[in-house]
Amino acid sequence: MITKLTTLTADQQNRLMTIWLQGNLDAHPFVAATYWHQMAPLVATQLGAATLYVATTEHQIVGFAGLDDTYIAGIFVDSAYRHQGFGHALLTRLQTDYRQLTLSVYPQNQRAVAFYQQHGFTLGEQAVDPDTGVLDQEMHWQR
């Protein structure tokens, strides 16, 4: 089930942060792990201001998408629930609720690039992420 959160409890925030950190560590071995650990306090603060959609099963959050306006800051799924359609369900819901979406992805994360392309996203500009020193790829989708 995909739900748009209207309020974020401390327990929900902790669960999202656990999923966020593990997802980044798993998907980005080419970025120093210390970077993600250092970013965690900032991301925890940003979650409160983001538009959040959560994927749940048996009343447990197993994944989420965070947006800033129409920019997808990330889609993350708990490692025990990956490849079961939760990421697809989250992105499909976003594409239902929004007319256009943008995001940034590291091209080295080929699974993510392929996932977004399968959902109709096209490649945009590339630039080096000044925080990580890794090439970053814009992607765009429009109905």
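The values are calculated or read from the model by the stated rules, or taken from the named source; none is laboratory data. Not measured: the values here are computed from a predicted model. Note that each Cβ is placed from the backbone with ideal geometry, even for glycine, and that neighbours are counted across all protein chains shown. Ligands, DNA and RNA are excluded from the accessible area calculation, which covers all protein heavy atoms including side chains. Shrake-Rupley method; radii C 1.70, N 1.55, O 1.52, S 1.80 Å.
In the stretch 20-32, is there at least one residue being over 24 Å from Glu138 (Cα atoms) and either open to solvent by less than 30 Å² (accessible area, probe 1.4 Å) or without any contact (Cβ under 8 Å) to a residue 24 or more places away in the chain (or both)? No: the stretch 20-32 contains no residue that is over 24 Å from Glu138 (Cα atoms) and either open to solvent by less than 30 Å² (accessible area, probe 1.4 Å) or without any contact (Cβ under 8 Å) to a residue 24 or more places away in the chain (or both).
Of the strands (runs of 3 or more DSSP E) that lie entirely inside the stretch 91-143, those containing 2 or more residues that are in contact (Cβ under 8 Å) with a residue 12 or more places away in the chain and over 17 Å from the mean Cα position of the chain (by Cα) span 122-128, 135-142.
Residues in the stretch 28-65 that are part of a helix (DSSP H, G or I) and β-branched (Val, Ile, Thr) were compared, and the one that is farthest from Ile2 (Cα to Cα) is Thr34.
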